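In what follows, a structure is listed as structure tokens, so that the remarks can point back to it.
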Amino acid sequence: MAKQLLLVRHGKSDWGNLDLKDFDRPLNKRGKENAPEMAERLVNKGFKIDLMVSSLAKRAKSTAKYFAEAYNIDQIQFEESIYEANTSALFKVLNGLDDAAEKVVMFGHNPGFTDFANELCDADIYNIPTAGMVLISFPFDSWQMVSKGTGELVFFDYPKNSDEV
């Protein structure tokens, strides 16, 4: 069975409290609106989720929780290494996923996620906006098989998009 990875960049975050560490920044008002909106869009596309994996950063966890609510999923796997990850670190997470999961949603950050999407499927995505989603399909039964250029872009969608790419 083919694998599918949905990369979701966290929703727009709040920069109002300069005393907060980057890791601890919450979603702002727009982030709290866009994340559930994008989750609902995904539900309406008929996309199923087997596994949700998220950065431990507050804004990524909050975004993941909106998707979990939309899908009635009560378990999210948290991966510390997704925060500030480069493509090598993201490949390590992806290649280590349980093969029982066919459709995985990963919640994280730029610039790593945009770079990762472009490496996975030779896409030409300039920037994944906050709460943006990129779905990539792979012709493999094992996540260990996924490497640079082995994926195919299925869709790229984001809050201000009226029709997906």
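Just so it is clear, none of the values below were taken in a lab; they were calculated from the coordinates. In this text, all values refer to a predicted model and were calculated from it rather than measured experimentally. Glycine gets a Cβ as well: all are built from the backbone with ideal geometry, and neighbour counts include every protein chain shown.
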10 Å binning of all Cα-Cα separations within the stretch 66-114, expressed as whole percents from 0 upward: 22, 51, 27, 0
Evaluate E = 1/(1 + (r/R0)^6) for LYS29 and ASP141, where r is the Cβ-Cβ distance and R0 equals 35 Å; express this FRET efficiency to the nearest 0.05. 0.25
Using a basic spin-label model with each label point 7 Å from the Cα along Cα→Cβ, how many nm lie between ALA2 and LYS21? 4.1
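Quick one: which of LYS29/LYS92; LYS12/LYS65; LYS12/LYS61; LYS21/LYS45; LYS45/LYS148; LYS32/LYS92 span more than 24 angstrom between C-alpha atoms? Please list the in-between numbers first.
On the way: LYS29/LYS92 33 Å; LYS12/LYS65 15 Å; LYS12/LYS61 13 Å; LYS21/LYS45 36 Å; LYS45/LYS148 27 Å; LYS32/LYS92 30 Å.
Beyond 24 Å: LYS29/LYS92; LYS21/LYS45; LYS45/LYS148; LYS32/LYS92.
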Give the Kirkwood hydrodynamic radius (Å, one decimal) of the stretch 1-132, defined as one over the mean of 1/r across all pairs of different Cα atoms. 14.9
Local electrostatic count, PHE140, Cβ distance below 11 Å [Lys/Arg +1, Asp/Glu -1]: -2
Tally Lys and Arg at +1 and Asp and Glu at -1 over the other residues with C-beta under 14 Å from the C-beta of GLU119: what net charge comes out? -2
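Quick check of the Kirkwood formula: for the stretch 110-165, what is the inverse mean of 1/r over all pairs of different Cα atoms, in Å?
Details: mean 1/r = 0.0854 Å⁻¹.
This gives a value of 11.7 Å.
Please give me the summed charge of the neighbours of LEU90: other residues whose Cβ is under 12 Å from its Cβ, Lys and Arg +1, Asp and Glu -1. Walk me through the intermediate numbers first.
On the way: positive: LYS92, LYS148; negative: GLU79, GLU84, ASP115, GLU119.
Its environment carries a net charge of -2.
Counting helices only, and only those DSSP H runs with n ≥ 4, report the 222 nm mean residue ellipticity of the chain as the sum of -39,500 (n - 2.57) divided by its residues, in deg cm²/dmol to the nearest 500. List each step's numbers first, then the result.
Working: 4 runs with 49 residues, N = 165.
Rounded to the nearest 500, the figure is -9500 deg cm²/dmol.
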What percent antiparallel are the DSSP beta bridges of the chain, to the nearest 5? 50
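Sorted by average packing, counted as other Cβ atoms within 10 angstrom per residue and highest first, what order do 55-63, 4-12 take? If you can, show how the numbers build up before the last one.
Working: 55-63: 22.9, 4-12: 24.9.
The peptides rank, most packed first, as 4-12, 55-63.
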If I take R0 = 25 Å and measure r between the Cβ atoms of LYS45 and ASP74 in this structure, what FRET efficiency does the formula 1/(1 + (r/R0)^6) give, to the nearest 0.05? 0.70
